[in-house]
1. Helix 160-178 versus the longest principal axis of the chain: what angle, 0 to 90°, nearest 10, using Cα atoms?
2. With θ set to phi - 60°, apply the Karplus curve 6.51 cos²θ - 1.76 cosθ + 1.60 along region 10-24 and write out the HN-Hα couplings as whole Hz, x wherever there is a Gly or Pro.
3. With the convex hull built on the Cα atoms of region 140-220, state its orientation-averaged projected area in nm².
4. Taking a ≥ b ≥ c as the square roots of the eigenvalues of the Cα gyration tensor of region 173-212, is the shape rounded (a/c under 1.5), prolate (a/b larger than b/c) or oblate?
5. Using a 7 Å offset from the Cα along the Cα-to-Cβ direction at both residue 45 and residue 108, what is the distance between the two label points in nm, to one decimal?
6. Under unit Cβ charges (Lys, Arg +1; Asp, Glu -1), what dipole magnitude, rounded to 20 debye, does the chain have relative to its Cα centre?
7. If you rank 31, 206 by how much accessible surface each has, with a 1.4 Å probe, what is the order from largest down?
8. Determine the gain in length on full extension of the stretch residue 13-residue 90; use 0.36 nm per residue of separation and subtract their C-alpha separation, reporting nm with one decimal.
Amino acid sequence: MPALSLDDQGTRTALIRAGLDLFGRHGFEASSIRQIAQAAGVNSAGIAYHFGGKGGLREACAQSIVETIRQRLLGDAAPPPVPVDLGPDAALEAILALVGRATTFIVRNPESEAIARFVVREMMEPSPAFDILYEGLVGPVHGRLCRLWAAATGMEAEAERTRIGVFAMIGQLLYFRLARPAVTRRMGWSGIGEAEERAIAGSIRSAITATILAARGERP
């Protein structure tokens, strides 16, 4: 495929952003090609030209999420493997560093709202876009965290307890995005800025550290 011109790339990016927002807010079926094109500020023919149709746009939205999150969390599309000789304390710090980056993105970055809505819909009603999210993001990131968890605790990376523990850890992070209105109202916050982010990150960091130390048989 020939390289896209700057205009073509701009159109493609605008359509993906509009698709993320509308698919997440209203669902795939309820978001018309006309509405998406109007939100993107482009001709509706651009969806067929760039993506082959609305289904292709939904899959491109999923791929965009994969690339964005992997870059923000892992710093690379293909991060190096977890070293086999990584010590428990170094593994714990690696987990906390990754979780810290995720916390900042989830609670402070405006992009996270549209991404969260899109991902939740795909989790509730999986489409071919879910496969892209799972194979490109959920599986690799969860697997990496499981290997780090194993190095930090001495447990097996693919043990049921490890995998569930990692899902529980991820759930803590996602709650502060998905339940943001409830969190801010209950906390009496007008929004989530630097101070609120530090409070959230500190609480999550403490919970993860305590869980890992308990798995090692140590007191927090």
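The values are calculated or read from the model by the stated rules, or taken from the named source; none is laboratory data. Not measured: the values here are computed from a predicted model. Neighbour counts run over all protein chains shown; Cβ positions are idealised from the backbone, glycine included. Accessible surface areas use protein heavy atoms only, side chains included; no ligands, DNA or RNA. Shrake-Rupley method; radii C 1.70, N 1.55, O 1.52, S 1.80 Å.
1. Compared with the principal axis, the helix lies near 50 degrees.
2. x, 5, 4, 5, 5, 5, 5, 5, 5, x, 4, 5, 6, 4, x
3. Working: hull surface 24.4 nm².
Average projection, Cα convex hull of region 140-220: 6.1 nm².
4. Numbers: a/c = 2.61, a/b = 1.75, b/c = 1.49.
The shape class here is prolate.
5. Between residue 45 and residue 108, the label points sit 4.5 nm apart.
6. Numbers: 24 positive and 23 negative charges, 133 e Å.
Roughly 640 debye for the chain.
7. On the way: 31 0, 206 75 Å².
Output order, biggest surface exposure first: 206, 31.
8. Numbers: separation 77, 0.36 × 77 = 27.72 nm, distance 3.84 nm.
Taking 0.36 nm per residue and subtracting the Cα distance, the gain is 23.9 nm.
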